[in-house]
2 protein chains.
Amino acid sequence: MSAAGMDFQPELPVLGLSVAVFSSLLNGSTFVLQKKGILRARTRGVSYLTDLIWWIGTVTMALGQIGNFLAYTAAPAVLVTPLGALGIPFGSVLASYVLKEKLNFLGKLGCLLSCVGSIILIIHSPKSENITSRAEFEEKLSNPVFLGYLCFVLLMLTLLIFWLSPAYGKKNIMVYIGVCSLLGTFTVPCTKGIGLFAQDAFTKNPSSSNSTYLFLCLLAVLGCSILIQFRYINKALEDYDSCIFSAIYYVTFTTIVLVATAILFQEWTKVGAIDFLAMLCGFTTVSTGVILIQMFKEFNISFRELSKTPEKKE
Amino acid sequence: MSAAGMDFQPELPVLGLSVAVFSSLLNGSTFVLQKKGILRARTRGVSYLTDLIWWIGTVTMALGQIGNFLAYTAAPAVLVTPLGALGIPFGSVLASYVLKEKLNFLGKLGCLLSCVGSIILIIHSPKSENITSRAEFEEKLSNPVFLGYLCFVLLMLTLLIFWLSPAYGKKNIMVYIGVCSLLGTFTVPCTKGIGLFAQDAFTKNPSSSNSTYLFLCLLAVLGCSILIQFRYINKALEDYDSCIFSAIYYVTFTTIVLVATAILFQEWTKVGAIDFLAMLCGFTTVSTGVILIQMFKEFNISFRELSKTPEKKE
């Protein structure tokens, strides 16, 4: 409660926030640039590996991922994760200019909603971090509630991968999305942890052998989850429309990651009831925006047509 | 700026707010109840004037209008006007149960957005009123900026009614919507003024003859604007789809009324930059919700169908 949410200037993690927003925009422009490069190369009859724009896109992707990684170190995960959505409207607008891909009326509304929801998220985000050092991170990791949650997630993953996925994977989009989203429980905290370890390595005394062991462990878990995520994303893209998949995936992934980071980092403890409610509203708005952009891409709807139709009232 | 936005409990006009929300819900259920009554009467082969539900609907309408009137007296107009949108999702959900009118996926998203946006509006609404008495209202009315704005609106109205409406009214939906929305510049401040006069009449000394004159003047202006509004709404409904009309009308009307009340009541002067930004976001979210509910009513879109379509990725 109290005044925590409104003292904008002094407490907001401006640097982390800027990095988060900037890397979202970079990530959003990646595919547009790469596709432009591929199309350009095709018209000239050469490989896209010789195309400058394709390479710019690839470098952008690398920079975006590094930025995202840094953002998790400098700002709360409850802020960085949902802000990842900003790349989607940016990419759509860019695609409509660079690739001349038409953005329909629902897509435009979606872009507006994503931006508006992100502003609400930023206004109400937790202003101070609970975790700023490796030691704190290690302490939080042994929290029994988090360990219990981890066991639950592992159980669900086993169920999804070995039973539901072969049986229902091709019929229900939520199976593959479930696997990929639940893996976010590992990837995001691992990323944050590795970031903190890296920070410590630069600024403090050399870490103990115990810590090095944990660091390698985090790297291994991150590597595994990314590989499994990658495999199931591709399985999903084989059977379902990529735009629809990415919209539902964003909402499910972000929700599960927010729950996991809330349990691990307890970032919510510094958030008042009003800020919590407002962040929920902001997240709902961003999610709806993403759904409108992605799920209705193929619809041929323009505002002009809708408002022109002269129908008689019944 | 400061902490104004977050001290929820002590300053929020809870009574006015509750009345505003409650009367929006009443207004939203009016048409559903009346239509149910008409349909019920039709199946029994009697006039709907003998139907109980139709009468409940009509009483609800009267109560909703009185509630709306009271809300303008007890809460800032910048809050009451956009909250009027809450009736639309409520009416849609009610219609889907009572009238078995199907609410499609976009309609459901729209309902969610209207609620979420309203929460943001409420959280960031101005907590104290600039105008609480008749004397203050009279003072604000003679503000030269407001008088200038009134002249501008009158000029626009003359242009729209006598030139654009006959020439382009049947071709462009914005002409009739423009007339009805600009008239909101008169109706909402008049409603607020009449409410304050009524309040004064009950609590204070009898007003001077000058004030009585102003009161009658407000009543006359209110009556005229409602009549013209009524005429142009019906003109629009003859030529355009009612759902599409009501969606665009809500957005335009609310925007223009907010500008007019901002100039007249200067309610914005007590709102910080962050609250202003957040209210803008909330209003955008509510407007998008209304557009999604109303403009896409005829579309046959369900989440199940969208997510099931197994298309191969290119």
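Structural remarks
- Counting, for every residue in A:113-120, the Cβ atoms of other protein chains within 10 Å of its Cβ and taking the mean gives 6.
- If you look at the Cα atoms of the stretch A:39-192, you get an Rg and a Dmax of 20.1, 59 Å.
- Placing a pseudo-label 7 Å from each Cα along the Cα-to-Cβ vector at A:Glu138 and B:Val145 gives an inter-label distance of 6.0 nm.
- Karplus-derived 3J(HN,Hα) values for the stretch B:109-116, using 6.51 cos²θ - 1.76 cosθ + 1.60 with θ = phi - 60°, are 4, x, 4, 4, 5, 4, 5, 4 Hz; glycine and proline are entered as x.
- In this calculation the C-beta distance from B:Tyr168 to B:Leu237 is compared with R0 = 25 Å, giving a FRET efficiency of 0.90.
- Using the Cβ-Cβ distance between A:Val46 and A:Ile301 with R0 set to 30 Å, the FRET efficiency from 1/(1 + (r/R0)^6) comes to roughly 0.20.
- Scoring A:52-62, B:180-190, B:234-244 by mean Cβ neighbours within 10 Å over their residues and listing the highest first yields B:180-190, B:234-244, A:52-62.
- All other residues whose Cβ lies under 15 angstrom from that of B:Leu49 are scored, Lys and Arg at +1 and Asp and Glu at -1, for a net of +4.
- Number of partner chain Cβ atoms within 10 Å, mean per residue of A:291-301: 3
- For the listed peptides B:74-81, B:138-145, A:33-40, A:253-260, a ranking on the average number of other beta carbons within 10 Å per residue, highest first, reads B:74-81, A:253-260, A:33-40, B:138-145.
- Shielding by partners for peptide A:93-106, expressed as the average number of C-beta atoms from other protein chains within 10 Å of each residue's C-beta, is 1.
- Once C-alpha pairs closer than 8 Å and six or more residues apart are averaged by separation and normalised to the residue number of the stretch A:132-265, the relative contact order reads 41 percent.
- Each copy carries a label point for B:Arg231 at 7 Å from Cα toward Cβ; from one copy, the others' points are 7.3 nm away, ordered from shortest.
- Here the mean projected area of the convex hull built on the C-alpha positions of the stretch B:131-265 is 8.4 nm².
- Estimated inter-spin distance, A:Ala198 and B:Ala201, nm [label 7 Å along Cα→Cβ]: 7.2 nm
- Magnitude of the charge dipole, the stretch A:132-265, Cβ model with Lys/Arg +1 and Asp/Glu -1, debye to 20: 120 debye
- Nearest-first distances (nm) between copies at A:Ala220, label 7 Å from Cα via Cβ: 8.8
- The stretch A:92-142 - Debye-derived log10 I(q)/I(0), Cα point model, q = 0.18, 0.20, 0.27 Å⁻¹: -0.70, -0.75, -0.98
- Hydrodynamic radius by Kirkwood, which averages 1/r over all alpha carbon pairs of the protein assembly as shown, in angstrom: 27.3 Å
- Rounded to whole numbers, the Karplus 3J(HN,Hα) couplings from phi for the stretch A:65-78 are 5, 5, x, 4, 4, 5, 4, 5, 6, 9, 9, x, 4, 5 Hz, using 6.51 cos²θ - 1.76 cosθ + 1.60 with θ = phi - 60°, and x at Gly and Pro.
- Prolate/oblate/rounded call for the stretch B:114-162, Cα gyration tensor, a/c under 1.5 rounded: oblate
- Calculated FRET efficiency for the pair A:Leu154/A:Thr212, C-beta based, R₀ 22 Å, to 0.05: 0.35
Every number in this text was worked out from the coordinates using simple rules, so none of it is lab data. Bear in mind the structure is a predicted one, so any value in this text is a computation, not a measurement. Positions of Cβ are backbone-derived with ideal geometry, glycine not excepted, and every protein chain shown enters the neighbour counts.
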